[in-house]
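Attaching a single structure in structure tokens format; questions to follow.
The values are calculated or read from the model by the stated rules, or taken from the named source; none is laboratory data. The structure presented is a predicted model; accordingly, all values stated were derived computationally and were not measured. Note: ideal-geometry Cβ built from the backbone for every residue, glycine included; neighbour counts use all protein chains shown. When the accessible area is computed, the model is the full protein with side chains, heavy atoms only, and any ligands, DNA or RNA have been set aside. Shrake-Rupley method; radii C 1.70, N 1.55, O 1.52, S 1.80 Å.
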Amino acid sequence: MGMVSYSNHKDDVLKRLRRIEGQVRGLQRMVEQDTYCIDVLTQVSATTRALQSFALQMLNEHLSCCVRDALAEGGEDANIKIKEAQDAIGRLVRS
């Protein structure tokens with residue numbers, strides 16, 4: 001697999017994921033407290049946007065690190081990395 005693009009700032013990545021986890025926990029609390037449906041949905045939208053933003057950050061880092069390095073080296077690994085990125089983008093767009 002090689003080095004991951006976020007390894008030099010893993011703490012920041014984990015902090016961001018913990019914030020999103022907190023948002024999901026907040027959703028659970030809202031349901032436990034019988035919060036109005038529209039307010040719950042508003043929080044779902046915010047949580048979804050946070051996850052999408054996180055995914056885009058990961059994708060950008062992957063392209064600017066892993067894919068760039070594979071292209072510089074050339075060969076079949078470059079084609080594999082491009083296909084992986086294309087597939088990941090497709091999944092993000094459909095989600």
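Between a residue in segment 74-95 that is under 20 Å from LEU51 (Cα atoms) and any residue that is part of a helix (DSSP H, G or I) and among the β-branched types (Val, Ile, Thr), which pairs come within a Cβ distance under 6 Å, given they are 6 or more apart or on different chains?
Final answer for the pair search is ALA85/VAL67.
Within the set of pairs 6 or more residues apart or between chains, which connect a residue that is without any contact (Cβ under 8 Å) to a residue 12 or more places away in the chain inside segment 24-40 to a residue that is in a helix (DSSP H, G or I) with Cβ atoms less than 8 Å apart?
Final answer for the pair search is VAL31/VAL40; ASP39/MET30.
Matching residues to (1) in a helix (DSSP H, G or I); (2) over 11 Å from the mean Cα position of the chain (by Cα); (3) hydrophobic (A, V, I, L, M, F, W, C); (4) loosely packed, with under 10 Cβ neighbours inside 10 Å:
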position	(1), (2), (3), (4)
LEU17	yes, no, yes, no
ILE20	yes, no, yes, no
GLY26	yes, yes, no, no
THR35	no, yes, no, no
MET58	yes, no, yes, no
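Hey, another quick one. Considering VAL67, VAL44, which residue is surrounded by 10 or more Cβ atoms within 10 Å (Cβ to Cβ), of a type in the set (Val, Ile, Thr), in a helix (DSSP H, G or I) and at pLDDT 95 or above? Break it down stepwise before answering.
On the way: VAL67 fails: at pLDDT 95 or above.
After ruling out the rest, the residue left standing is VAL44.
Find the residue count for segment 52-95, including only residues that are within 26 Å of GLN23 (Cβ to Cβ) and of a type outside the set (Gly, Ala, Ser). Walk me through it before giving the result.
Initially, segment 52-95 is screened for residues within 26 Å of GLN23 (Cβ to Cβ), giving 52-62, 88-95.
Cutting the leftovers down to of a type outside the set (Gly, Ala, Ser) gives us 52, 54, 56-62, 89, 91-94.
Qualifying residue count for the region: 14.
Of everything in segment 70-95, what is open to solvent by less than 40 Å² (accessible area, probe 1.4 Å) and in a helix (DSSP H, G or I)? Give them in sequence order. First the steps, then the outcome.
Of segment 70-95, the ones open to solvent by less than 40 Å² (accessible area, probe 1.4 Å) are 70, 74, 78, 81, 85, 88, 90.
Within segment 70-95, ALA70, ALA78, LYS81, ALA85, ALA88, GLY90 qualify.
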